[in-house]
Amino acid sequence: MRHSGVITLTTDFGTSDSYVGAMKGVIRNLAPAARLIDITHEVSPQNVHQAAYIVQTFYHYFPPGTIHLVIVDPG
């Protein structure tokens, strides 16, 4: 399947520091044409099950080939 050019971002990083910005900078360097869509960066820390539930609620609204990047530190 071909990549749609869309990358969604779901993390437990929070938004009070530079981690999300640094991640976006790395992605832009690797895939400058990609469209980045923030789903949430407020998954409860280390809550893999919450992240899975969140992804389940939105992924089907995106075009085929969308990359869903989910980062949750499992502890």
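The values are calculated or read from the model by the stated rules, or taken from the named source; none is laboratory data. Everything numeric here is computed off the predicted structure, so don't read it as measured data. Heads up, the Cβs are rebuilt from the backbone with ideal geometry, glycines too, and the neighbour counts pull from every protein chain shown. The accessibility values were calculated without ligands, DNA or RNA, using every heavy atom of the protein model including side chains. Shrake-Rupley method; radii C 1.70, N 1.55, O 1.52, S 1.80 Å.
Give the distance, in whole Å, between the Cα centre of segment 1-26 and the Cα centre of segment 41-64.
Taking the Cα centre of each part, segment 1-26 and segment 41-64 sit 13 Å apart.
Quickly work out the A22-to-S44 label distance, labels modelled 7 Å from Cα along the C-beta direction, and quote it in nm with one decimal.
2.6 nm
For segment 6-71, what is the Kirkwood estimate of the hydrodynamic radius, computed as the reciprocal of the mean inverse distance between distinct Cα atoms, to one decimal in Å?
12.3 Å
Please give the contour-minus-distance gain from L36 to D73: 0.36 nm per residue of separation, less the Cα-Cα distance, rounded to one decimal in nm.
Separation in residues times 0.36 nm, less the Cα-Cα distance, equals 11.2 nm.
Taking only protein heavy atoms into account and a 1.4 Å probe, give the accessible area per residue of the chain in Å².
Value for the chain: 66 Å² per residue.
Could you work out the relative contact order of the chain, using alpha carbon pairs under 8 angstrom and six or more residues apart, expressed as a whole percent?
52 percent
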